[in-house]
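The values are calculated or read from the model by the stated rules, or taken from the named source; none is laboratory data. What you see is a predicted model; the values in this text were computed from it and never measured. Virtual Cβ from ideal backbone geometry, glycine too; neighbours counted across all protein chains shown. Side chains are part of the model used for accessible areas, which takes the heavy atoms of the whole protein and leaves out ligands, DNA and RNA. Shrake-Rupley method; radii C 1.70, N 1.55, O 1.52, S 1.80 Å.
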Number of protein chains: 2
Amino acid sequence: MSARRRTRTGANIQGRAGGGAYNRGVRVTEIGEFGLIRELAAEFGIEYPPRPGGRQPGFAVGLGDDALVGERRDGAPVWTTDTLVEGVHFRRAWASWEDVGWKALAVNVSDIGAMGATPDAALVTLCLPDDAQVDDLRSLYRGMVQAAEAWGVRLGGGDLVRSPVFVITLALSGWAPLSATGMPLALTRSAARPGHAVAVTGTLGDSAAGLELLQRHGAPASATERRLMERHLRPRPPLGVARKAIEAGLRCAIDISDGLAQDMGHVARASAVGIRVEAARIPLSEALRKSYGARALGLALGGGEDYELALIGPRPALEALRSASGDPLTEIGEVLDYDGPRVAVVDENGREVAVGVGGWEHFRASGA
Amino acid sequence: MSARRRTRTGANIQGRAGGGAYNRGVRVTEIGEFGLIRELAAEFGIEYPPRPGGRQPGFAVGLGDDALVGERRDGAPVWTTDTLVEGVHFRRAWASWEDVGWKALAVNVSDIGAMGATPDAALVTLCLPDDAQVDDLRSLYRGMVQAAEAWGVRLGGGDLVRSPVFVITLALSGWAPLSATGMPLALTRSAARPGHAVAVTGTLGDSAAGLELLQRHGAPASATERRLMERHLRPRPPLGVARKAIEAGLRCAIDISDGLAQDMGHVARASAVGIRVEAARIPLSEALRKSYGARALGLALGGGEDYELALIGPRPALEALRSASGDPLTEIGEVLDYDGPRVAVVDENGREVAVGVGGWEHFRASGA
């Protein structure tokens, strides 16, 4: 119901954007904090300030009070948060505001999804420079609303503050299913055991290639380039697969956000196991192979921001998931006994491949 | 249990700070993202990366995975978020890092508390310039841990990103009680009705006076000044009163963060009522009267950041709350029939007083 409501409101908004309640060039300082909340709330179909007696769908107490109150659910609560800083995580030169909005929500959905949980309500914090444009922020929200509809998330308000730099922080809550005895069930990084197989959804490395292309020349020069750029700008975490993974008996997963090699390292450390990945089995898209040839593997292993899912578990459980979800799921390796939290990437002859690209880590002076 | 654990860990940390795992002057870029997480997690008593099989108290899945998983609770979920930007919300010149950490959590606790809900788990996002000092961040966390202990909040992790400016965002979740039929019970801004009385906890205006003193000369010149500054730097939202308010039958409240006049305006608009406040009844501290004389009332009405609670409801319910909580609760006005969402501040003769100071609104070019 709420998705339908949003779509209808979205249509109104597009009409208004044409007619123009605000012309391009209106800065946030001109309409003030409450004026801006009104504009942004309209993007997700909510009246602000709320009409007395009005009610925001899906919330017991919605936008406009001190805090949001949701409805009681039967699961265990799940929380995550992720932040995009202009100039660090995105650049206006090559990401549209709608793309930024989409991605801000998608990366959080990926974290909740990687636990096998279902995302629920999002809080949005915008740190805005004084010259931020109202229309840009409405575009940002439009992208966020599109992502919210795609994954059934409710946008619930948040915080607006002045800042010298543009920062978007999303905090996303969700619900994990419960066992028959009422215990939370989740996919964690720490449940890999020797003998388990490692499988991934989708293809890897596309996002890193897309980022490189965006940085190099902004607009796509071909349909292939467009596809790779899209993978970077509009990630689509496979939420459906993750949800079914728990039912299929899986208990270990991680979203591939830092680069496959580094993310496998997280699992190896958390589970105290080794992991062997067979390079030749890593799924690469046609677009990536075509554009990047021999470099494709390095991007898949070290590039990051794929927001695909790595699932680790007994082969029968992975098989059950493959049948249940119908989505492609590629086995790429296996879990080994502990000999240090080691990730080995091997070629077809079992020889270890040098992983050229390190994963992503913030703050290292020497790093990205 | 978790509070005790933290205290014990806190003692260890102080020992370490003396011995010095890191000397003053170590920048975040020198120890990297994961090194920094390890340092900060230690401040709230958590090992990072988590030991395989280790478990963070109060979480089904704790720090170190894609998302946090809490334990199932019987209430309805409540969420809020609030952000402090350096140079906008605090300045290192007059706020210690511990104070900033305390306040970052306290302002969120205030929002959850104002709903009559109980805070639970916090996610912390730090946007850090490259020259941020590890020891400063540990102090920041020390302040946050102190506040977390004061209100029984669990710190659960969050996000660390690079940024040109220092930003702290906290997202706090909590639980609202349920009615006998399983519906969420909350104190909202929209439940004021004509005939209700308006009461406030504590004293108002101290925080605004403290801010002015901090801006004027940083260090306190007297015990009185110290008290006012403390009110600004270390707000203590009255969580206990708020929790009992629902049991006492109250359904309307707001935390006093934008200034009493503006916050009463929020209630008037949300409830479609008028509100009359009797200026002479507004509780002012001795410290404020002594230091500010005739200006004290303006600070109480318009200053903001008191993080006290305004409770609105039938007099018998307020009386019941007063008996149950034992805390001072001062009746300052009453709710009137709707004639526009008007807030009138009147003197002892019923004549309207001009409210000299507007409340706080971000982004208005003309405003603060």
Can you find even one residue in the stretch B:97-120 that is closer than 23 Å to B:A42 by Cβ and more than 15 Å from the chain's Cα centre (by Cα)?
-> yes
B:R276 vs. criteria part of a helix (DSSP H, G or I) and open to solvent by 20 Å² or more (accessible area, probe 1.4 Å) | no
Could you tell me which numbered condition A:V198 fails, if it satisfies all but one of (1) open to solvent by less than 20 Å² (accessible area, probe 1.4 Å); (2) away from chain B (no Cβ under 14 Å); (3) touching a helix residue (DSSP H, G or I) at 6+ places or on another chain (Cβ under 6 Å); (4) not charged (D, E, K, R)?
-> (3)
Subset of the stretch B:257-273 that is open to solvent by 20 Å² or more (accessible area, probe 1.4 Å) and touching a helix residue (DSSP H, G or I) at 6+ places or on another chain (Cβ under 7 Å) - its residue that is farthest from B:A208 (Cα to Cα) | B:A261
State whether one or more residues within the stretch B:194-206 are over 23 Å from B:A245 (Cβ atoms) and either among the aliphatic types (A, V, I, L, M) or free of Cβ contacts under 8 Å to residues at least 12 places away in the same chain (or both).
-> no
Note on the stretch A:306-327: residues modelled with pLDDT under 95 and either in contact with a His (Cβ under 9 Å, 6 or more places away or on another chain) or polar (S, T, N, Q) (or both) are A:S323, A:S325
Can you work out which of the residues in the stretch A:104-117 that are within 7 Å of another protein chain (Cβ to nearest Cβ) and assigned to a helix (DSSP H, G or I) is most open to solvent (accessible area, probe 1.4 Å)?
-> A:D111
Which residues, taken from the stretch A:47-74, are on the phi < 0 side of the Ramachandran plot and more than 7 Å from chain B (Cβ to nearest Cβ)?
-> A:E47, A:Y48, A:R51, A:G54, A:R55, A:Q56, A:P57, A:F59, A:G62, A:L63, A:R73, A:D74
One residue from B:I332, B:I312 being within 14 Å of another protein chain (Cβ to nearest Cβ) and either in contact (Cβ under 8 Å) with a residue 60 or more places away in the chain or in a loop (DSSP other than H, G, I, E, B) (or both) = B:I312
Could you please find all residues in the stretch B:36-45 being crowded, with 18+ Cβ neighbours inside 10 Å, assigned to a helix (DSSP H, G or I) and not hydrophobic (A, V, I, L, M, F, W, C)?
-> B:E39, B:E43
Residue satisfying condition, being away from chain A (no Cβ under 14 Å) and in contact with a Lys or Arg (Cβ under 7 Å, 6 or more places away or on another chain), within set B:L297, B:L321 = B:L321
If we scan the stretch A:206-214, do we find a residue that is open to solvent by less than 30 Å² (accessible area, probe 1.4 Å), hydroxyl-bearing (S, T, Y) and more than 7 Å from chain B (Cβ to nearest Cβ)?
-> yes
Note on A:A219: of the conditions (1) surrounded by 24 or more Cβ atoms within 10 Å (Cβ to Cβ); (2) assigned to a loop (DSSP other than H, G, I, E, B), unmet is (1)
